[in-house]
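The next block holds one structure in the form of structure tokens; read it before the comments.
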Amino acid sequence: MRKKTISLSTIIIFALAWSLSASSIQAAPPITTLPQALEYAVQHNGELKAFRLEKGVREAAEVRASLPANPTLDVEGSSGIMSGSPHENSLVLSVSQEFTVAGKRDKRLVRANRDLEAFLWQVADRERLLRGEVKTAWYGLQLAELRVALAERSITLNRQVLSIAKERLAAGDIPELEFNLMNVELARSEGVRIAMVKERIQGQARLGALIGLPLSGQAVTAELRGAPNVTKSVPQLQQLARSNRPDLKVLEAEKARGDAEIELSQAERIPNITGGLLLRRDATSMETGGLEGRDTSLSIGLKLSVPIPLFDRNQAGIQEARARRIAAVSRLDSARGQVDREVETAYTLLRNAESVLALYRDNILTQLEDNLRLTQEAYQLGELGILSVIQEQKQFIEVNNGYLTALHDRQTAVVQLESTVATAVTGGVQ
């Protein structure tokens, strides 16, 4: 039998590939807290990273605006070969430079600066929206984790009752139908758990896509904590939103850009001056009495060129700049009103979520555990039928699931309000 051998180069390639894959796995930090997820997302989200790279375009515009125009070199020559005077020729060299007037270069630089400022606020706004999405996905994953735990609790309860039913069936206290019903209920609860695990996997994939890191095999803290109470009024929150929202800052920068463009357009009514230096060499020949004489002359001159603004005084450019500025002001006013409405809506939704959560805490959850325990004890003593136990356990799971949903809704309502105001509930810019 012929033995197969593996070359040393193949072993080295496999070793390098394994080491690279291992280093890439180790480079991915474990994401176990929300601040870690937010920090990682802001740095590694694919769309946000790609958008940040466009900053170079704005910086290039700044460089372009700060540079003067290039000088122009003109070369002109003539010869008398075709006219029978081969010794007669001329050569003209000129260098010209356009000089901007009325501070046009500075005004172009100001306009480019406003473009860069607007872009930086656009980046900040995308970061704000990304943080809101990550928080929402994080709390959604927490809800999925808690629902898996609740489904496992349902399985445990059904197994306990099934064990009691098995003992009572052996004692002849119940018909076999009751035992079969509990078997069906146990299978149903196991199916619910499978569905909840699927929801958790989907939540991990959604969160991982946002932060730019796969989350399979990593777990988040399965706890929906109550966020601090919002003590500020709607007008106060609206004022904070107007001061902090990056999208409003973008529109303010566009308005400032419109002002700079109007100033530049007005300055462009005055034409630029082009000045040049000219060097001329002329060679001539003349024949007298059979003798040919040649002469060469050099001359230096200055050239000045100024367009006459007789018809076009940049009326169209000024009109266009003013129209853009008016549109920017209109967008800014409309956006401010929209922000006020968003804050009011987010605040109302938060108060509504808090009311639902308080209803669960104050009126629904207080006796739920005791009712479940008393129902199981009564069934074990033969005081209740199996349908009553199944109904009580279903109600227990449904109410707890509703409570988890209310907790999640309250938490996401806080996230929505923070994103709308662009300020954390406990203070600090979002």
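Applying the criterion of being within 37 Å of the chain's Cα centre (by Cα) and of a type in the set (D, E, K, R) to the residues of segment 154-209, the residue that is surrounded by the most Cβ atoms within 10 Å (Cβ to Cβ) is Arg200. Applying a threshold of 8 Å to beta carbon distances and a minimum spacing of six or more residues, or different chains, the list of pairs starting in segment 43-71 at a residue that is within 16 Å of Leu116 (Cα to Cα) and ending at one that is acidic (Asp, Glu) reads Arg58/Asp115; Ala61/Asp115. Right, Ala378: over 21 Å from Leu143 (Cβ atoms), part of a helix (DSSP H, G or I) and not acidic (Asp, Glu) or not? Yes: the conditions hold for Ala378.
Quick one: which residue in Gly317, Gly301, Gly385 is among the small types (Gly, Ala, Ser), buried (at least 17 other Cβ atoms within 10 Å of the Cβ) and at pLDDT below 90?
Working: Gly301 fails: buried (at least 17 other Cβ atoms within 10 Å of the Cβ); Gly385 fails: buried (at least 17 other Cβ atoms within 10 Å of the Cβ).
None of the other options fit; the residue is Gly317.
Here Leu248 meets the list (1) farther than 20 Å from Ser330 by Cα; (2) in the same structural domain as Leu332 (by TED's automatic domain parsing); (3) of a type in the set (A, V, I, L, M) almost entirely, failing just condition (1). All conditions in (1) touching a helix residue (DSSP H, G or I) at 6+ places or on another chain (Cβ under 8 Å); (2) surrounded by 11 or more Cβ atoms within 10 Å (Cβ to Cβ); (3) in a loop (DSSP other than H, G, I, E, B) hold for Ala69, with the sole exception of (1).
Pairs are defined by a Cβ separation below 9 Å, a sequence spacing of at least 6 or placement on different chains, a first member in segment 295-311 that is under 22 Å from Ser90 (Cβ atoms), and a second member that is at pLDDT below 90 and of a type in the set (Asp, Glu); the pairs so defined are Asp295/Asp282; Thr296/Asp282; Ser297/Asp282; Leu298/Asp282; Ser299/Asp282; Ser305/Glu98.
Give the residues of segment 169-205 that are among the charged types (D, E, K, R) and under 30 Å from Asn45 (Cα atoms), sorted by residue number. Before you say what the answer is, go through the steps one by one.
If we filter segment 169-205 for residues that are among the charged types (D, E, K, R), which is where we start, we get 173, 176, 178, 185, 188, 190, 193, 198-200.
Once the filter is applied, which keeps residues that are among the charged types (D, E, K, R) and under 30 Å from Asn45 (Cα atoms), segment 169-205 yields Lys198, Glu199, Arg200.
Note on segment 26-66: among residues that are touching a Leu at 6+ places or on another chain (Cβ under 9 Å) and of a type in the set (Asp, Glu), the one that is surrounded by the fewest Cβ atoms within 10 Å (Cβ to Cβ) is Glu47.
The values are calculated or read from the model by the stated rules, or taken from the named source; none is laboratory data. Just so it is clear, the structure is predicted and the values come from calculations on it, not from any experiment. Note that we place each Cβ from the backbone using ideal geometry, even for glycine, and neighbour counts take in every protein chain shown.
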